[in-house]
1. Let me check I've understood the local charge: for Arg124, count other residues with C-beta under 15 angstrom from its C-beta, Lys and Arg +1, Asp and Glu -1. What total comes out?
2. Using the structure shown, select from Lys214/Lys250; Lys64/Lys232; Lys64/Lys226; Lys82/Lys232 the pairs with a Cα to Cα distance greater than 19 angstrom.
3. With a ≥ b ≥ c taken as the square roots of the eigenvalues of the C-alpha gyration tensor of the stretch 182-275, please select rounded if a/c is under 1.5 and otherwise prolate if a/b is larger than b/c or oblate if it is not?
4. Enumerate the calculated ³J(HN,Hα) couplings along the stretch 163-169 in order (Karplus 6.51 cos²θ - 1.76 cosθ + 1.60, θ = phi - 60°), each rounded to whole Hz, writing x wherever the residue is Gly or Pro.
5. For the stretch 174-181, just list the computed ³J(HN,Hα) in residue order, Karplus coefficients 6.51, -1.76 and 1.60, θ = phi - 60°, integers in Hz, with x standing in for Gly and Pro.
6. Tell me, what HN-Hα J-couplings in whole Hz come from the Karplus equation 6.51 cos²θ - 1.76 cosθ + 1.60 at θ = phi - 60° for each residue of the stretch 184-193, using x for Gly and Pro?
7. Note down the nm distance, to one decimal, between modelled labels 7 Å out along Cα→Cβ at Arg285 and at Asp189.
8. Contour minus end-to-end for Ile129 and Leu151, with contour as 0.36 nm per residue of separation and end-to-end as the Cα-Cα distance?
Amino acid sequence: MSVARPNLGAMTVTLDAGRSSGAEPGTTAPETTTPAEAAAERTTAADSTPRRPSLSPSRAADFKTCPLLYRFRTIDRLPEKKSRAAVRGTLVHAVLEKLYDLPPAQRTVEAARTLVDPAWAELREEPGITELFEAPEGAPGDGPAPKAESLEAWLASAGELVETYFRLEDPTRIQPEGREELVEVTLPDGLLLRGYVDRLDVAPTGALRVVDYKTGGMPREAFEGKALFQMKFYALVLWRTRGVVAAQLKLLYLKDGDALTYSPDEAELLRFERTLQAIWAAIERAVETGDFRANKSRLCSWCDHQALCPAFGGTPPPFPAEAAAAAGWRTTLPLTTVG
Ligand code: SF4
């Protein structure tokens, strides 16, 4: 594999449009769920059609970070607070998605900036969004809550991120094949991998480029592996579904105006596939027994579930074995409804 830190030249791209998304909660808070995943989770929650358990990059990262956090999010499906940084990520992704609806010559900075207000008008209709601007916000452990950022300042900051995008790419020269593209594959052992690619470009030669927009800052080198985890996930699924190893995985950091690129190879993706299978095996064992351990780390500062976490003196609710079984998980625990 090769990783390039500095920005790279544009790869020639082609083809038609689709949709886009992705996101990052900001400079310090970790990314939890991309906007596309969040939208898909809302749809799944509203849809009574049974789905079998699957692994996404965000949920795999959750389990690696803290198995109990994975349980709270995926099995218990406990609600979590939205943050302004995460919502700004959603807004910026929506603008970049709509930008590619315009004819190439009209994809200017000015046009992109005019897309911010209508995208916000749509987004603020979602539950819990407008409330974010009614009180100061601060992460647990951050000390006194910072002075509340006005909605106007927040919208302006989203506009700046959109403008920075134009320093990284020339959208008049790009015609994505897919935006907010659902990619999924079932591996031979039955593991279902599902994820949403912010943007997928295909060159006339058939070369694939996977692009992800980040509204947070570029990670230090020591954390690049974490940033690339999600991209390798997409590359693996695309390789298994299309038989093509992506020529380039590209993370665009809009806060810094910088890019991180990565060129995987088959051997790397095979190793990564084994990593995902090992994570999945560990998740299945945990669900079977209901044993999800807390793993305390710096990231606990952004966890909404400290009150239920043994690492903070809390007690998790009884494992919802019945709900897990209904969702298609194998579990050896008695299926009695709690409550
Ligand atoms: S507070 Fe920390 S250890 Fe507890 S569930 Fe959250 S991330 Fe895990």
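1. Details: positive: Lys82, Arg84, Arg88; negative: Asp117, Glu122, Glu125, Glu126, Glu131, Glu134, Glu152.
Here the charged neighbours net out to -4.
2. Numbers: Lys214/Lys250 10 Å; Lys64/Lys232 15 Å; Lys64/Lys226 10 Å; Lys82/Lys232 27 Å.
Listed pairs above 19 Å: Lys82/Lys232.
3. Numbers: a/c = 1.86, a/b = 1.44, b/c = 1.29.
The shape class here is prolate.
4. Computed from phi, the couplings for the stretch 163-169 are 5, 4, 3, 6, 7, 9, 9 Hz.
5. For the stretch 174-181, the Karplus curve yields 10, 10, x, 7, x, 9, 6, 7 Hz.
6. So the J values, rounded to whole Hz, are 8, 8, 9, 6, x, 7, x, 5, 9, 9.
7. The two pseudo-label positions are separated by 1.2 nm.
8. Details: separation 22, 0.36 × 22 = 7.92 nm, distance 1.14 nm.
Taking Ile129 through Leu151 to full extension adds about 6.8 nm, to one decimal.
Each value in this text was obtained by applying a stated rule to the coordinates, not by laboratory testing. Treat the numbers as computed from the prediction; the structure is a model and nothing was measured. So basically every Cβ, Gly included, is an ideal-geometry build from the backbone, and we count neighbours across all protein chains shown.
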